[in-house]
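The values are calculated or read from the model by the stated rules, or taken from the named source; none is laboratory data. Computed from a predicted model, the values in this text were never measured in an experiment. Ideal geometry is used to build each Cβ from the backbone, glycine not excepted, and the neighbour counts take in all protein chains shown.
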Amino acid sequence: MPIITLTTDLGNKDYYLSQVKAKILSQSPDLQIVDVTHQIDKYDVAQAAFVLKNILDDFPKDTVHIVGVGTKAIDNMVHLGIRYKNQYIITADSGLFNLIARFHPDLVVELQMNLESDYPNFPVKDLYAPAAVHLATGGTLEVIGRRTDKMTQRVLMAPTVGPDQITGSIIYVDDYGNAISNITTDLIKEIGKGREYALGFVSPSYTIEQISMRYSDVTEGERLALINSAGHLEIAMNQGRASDLIGLHPGTTIVMQF
């Protein structure tokens, strides 16, 4: 069964999300819709990119991913259809793609379908949904758009490194209050070379000197660091919200000293 995923900043309070799903199902009732999340912070493209990057490999070939974050129905806003890793991404040209991939996509088109509304203020419903149905039911990108090599580029801040130190930052906080950094396990191995370390954040009084395997490796209410399933260093708290209790948020600096 063809799959369309939805990653948006629409939330669940209003009726907008239902409109998007209704548009999809009214055109093809047999499609399967997967809600990834609708709680992306408003207009936060970097957050959406982090989420999408971590789910792409879990979905089968020809899945269509709608990313409805930072979309605007204005004359100069470009909307893209992207073929990458045998899947499709439909999103605004807001710099999302280069935040999820270091490699060029297989194909990019500028969507040129007519918006299905006399009041084109909701492109996720009026443009992305019909485009996704077209692709999920066997259509091609070339039919709904014009090839382009131009995409907006964004720069995602990378950790800075020295012989004995990695300085990174928090890039995402999940619903459990776990704070995920841009420091990866590969970088720790490369710079640390198996040495002992001290991980400091927020203030010098907060330090961690061991990477745990599980959240339960520490007592309830104690902070910990671990490598999450995406391969990123994460600051967490057993049965607690590290982000709230320690004061971690996107942009918070963390330093690993070897």
Sole exception among (1) closer than 15 Å to H249 by Cα; (2) in the same structural domain as I90 (by TED's automatic domain parsing) for A179, by number: (2)
Condition (residue is part of a strand (DSSP E or B) and touching a strand residue (DSSP E or B) at 6+ places or on another chain (Cβ under 6 Å)) applied to the stretch 186-197: is it met by at least one residue? no
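Return yes or no: is S243 hydroxyl-bearing (S, T, Y), assigned by TED's automatic domain parsing to the domain that holds D164 and in contact (Cβ under 8 Å) with a residue 24 or more places away in the chain? Please lay out each step first, then the result.
Numbers: hydroxyl-bearing (S, T, Y): yes; assigned by TED's automatic domain parsing to the domain that holds D164: yes; in contact (Cβ under 8 Å) with a residue 24 or more places away in the chain: yes.
Yes, satisfied.
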With (1) crowded, with 17+ Cβ neighbours inside 10 Å; (2) over 18 Å from the mean Cα position of the chain (by Cα); (3) under 27 Å from I180 (Cα atoms) as the list, and I90 as the residue in question, which single condition is left unmet? (2)
Out of the residues in the stretch 206-258 that are over 24 Å from I191 (Cα atoms) and among the polar types (S, T, N, Q), state the one that is surrounded by the fewest Cβ atoms within 10 Å (Cβ to Cβ). T219
Among V155, V143, which is in the same structural domain as L56 (by TED's automatic domain parsing) and out of contact with any Pro (no Cβ under 7 Å at 6 or more places or on another chain)? V143
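Taking the options G177, G231, G221, name whichever one is more than 18 Å from the chain's Cα centre (by Cα) and either modelled with pLDDT of 90 or more or at positive phi (or both).
Working: G177 fails: more than 18 Å from the chain's Cα centre (by Cα); G231 fails: more than 18 Å from the chain's Cα centre (by Cα).
Residue meeting the stated conditions: G221.
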For the stretch 147-188, give me each residue that is touching a Ser or Thr at 6+ places or on another chain (Cβ under 8 Å), closer than 29 Å to R241 by Cβ, free of Cβ contacts under 8 Å to residues at least 60 places away in the same chain and aliphatic (A, V, I, L, M). M157
